[in-house]
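J.: Pasting a structure below so you can have a look.
The values are calculated or read from the model by the stated rules, or taken from the named source; none is laboratory data. Remember, predicted model here, so these are calculated numbers, not experimental data. Positions of Cβ are backbone-derived with ideal geometry, glycine not excepted, and every protein chain shown enters the neighbour counts. Quick note on the areas: whole protein, heavy atoms, side chains included, nothing else; ligands and nucleic acids left out. Shrake-Rupley method; radii C 1.70, N 1.55, O 1.52, S 1.80 Å.
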Amino acid sequence: MPITAKQRRVLDYISRYMNTHKEAPTIAEIGREFGLSSSASVHHVVSVLEKEGMIRRIPNVSRGIELVKDETAKEEKYEVPLLGVVAAGEPIEAILNYDTVCIPRDMVRQGRMFALRVRGDSMIDDQIREGDLIILQSQQTAENGQTVVALIDGSDATVKRFYAGRNHVRLEAANSLYQPIIVRPPDRLQIQGVVIGVIRKYKL
């Protein structure tokens, strides 16, 4: 019997956690991740995953969850929300929709992730082109030089390289035709996420 979307999300979380921490999450940690205050609810989901042969549990061990290796898992992909369009050029009003896109297993990171479709050519020297899907890790801070999606004045979204100054933020394009965007004061800008991957479909 196919597992539900919720059960799949729990399985994906267990897998990401183990890749990051080299050990399994506890029942309490799974509960906190998905807002399940009852450990019985978590036990139920975990029991279903075990019954379906996707995990193995070691009795009386706090982190006693093992993933059952599947030779097809190498091709397994994960869904992240596709939240709309972002400008690679001058900032445009953020356009939100709620679709999903599959990403390769090696792009999966700990925490919330999402995707946006690129409009514009200001990041072409970083191999981010019109129509590409950029995959982001959701976070509100970034290191200088990272490529981010930023929201200016709460509504205008753009994808650029991020540089923080003493009393301003500089957003730089990866295309010599575009001038840097200087944002003053810095609190006019909110980082939505850091770009960790790009997905492109080849056009014939």
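J.: For region 98-204, with all protein chains present and a 1.4 Å probe, just round the carbon and sulfur fraction of the accessible area to a whole percent. Mind dumping the intermediate values first?
T.: On the way: 2830 of 6120 Å².
Carbon and sulfur: 46 percent of the exposed surface of region 98-204.
J.: If you don't mind, there's one more thing I want to ask. For P(r) over Cα pairs in 5 Å bins from 0, in percent, the choices are [x] 1, 7, 11, 11, 10, 8, 8, 8, 8, 7, 6, 4, 2, 2, 2, 2, 2, 1, 1, 0; [y] 1, 7, 14, 17, 15, 12, 11, 9, 8, 5, 2, 0, 0; [z] 1, 7, 14, 19, 21, 19, 12, 5, 1, 0, 0, 0; which was calculated from the structure?
T.: [y]
J.: Rounded to the nearest 10 degrees, what's the angle between the helix 39-51 long axis and the longest principal axis of the chain, both from Cα atoms, 0 to 90?
T.: Relative to the chain, helix 39-51 is tipped by roughly 80 degrees.
J.: Moving on. Please give the length that would be gained between Glu79 and Arg119 if that part of the chain were fully extended, namely 0.36 nm times their separation in residues minus their C-alpha to C-alpha distance (nm, one decimal).
T.: 12.2 nm
J.: As I understand it, the dipole of the chain uses +1 on the Cβ of Lys and Arg and -1 on the Cβ of Asp and Glu, about the Cα centre. Which of Leu67, Val85, Asn144 lies farthest toward its positive end?
T.: My answer, from the dipole projection, is Leu67.
J.: Can I ask one more? Treating the angle as unsigned and between 0 and 90°, give the value, to the nearest 10°, between the Cα long axis of helix 5-21 and the longest Cα principal axis of the chain.
T.: So the helix axis and the longest Cα principal axis differ by about 80 degrees.
J.: Give, as a single signed number, the net charge of other residues whose beta carbon lies under 12 Å from the beta carbon of Ala5, with Lys and Arg counted +1 and Asp and Glu -1.
T.: Details: positive: Lys6, Arg8, Arg9; negative: Asp12, Glu79.
Local charge sum for Ala5: +1.
J.: Relative contact order of the chain, please, whole-number percent, based on alpha carbon pairs below 8 angstrom and at least 6 residues apart.
T.: The value is 16 percent.
J.: May I pose another question? Given labels modelled 7 Å from the Cα in the Cβ direction, how far is it in nm from Asn19 to Ser38?
T.: So the label points at Asn19 and Ser38 sit 3.2 nm apart.
J.: Please report, in debye to the nearest 20, how large the charge dipole of the chain is about its Cα centre when each Lys and Arg carries +1 at its beta carbon and each Asp and Glu carries -1 there.
T.: With Lys and Arg at +1 and Asp and Glu at -1, about 300 debye.
J.: Counting other Cβ atoms within 10 Å, keep those with at most 11, restrict to DSSP loop, and tell me which GluC sites (Glu not before Pro) in region 100-204 are left. Kindly include the intermediate steps, with their values, before the conclusion.
T.: Working: sites: Glu130, Glu143, Glu172; in loops: Glu130, Glu143.
Listed in order of number, the matching sites are Glu143.
J.: For Gln146 and Arg188, compute 0.36 nm times the residue count separating them, minus their Cα-Cα distance, and round to one decimal in nm.
T.: The Gln146-Arg188 span can extend by a further 13.3 nm.
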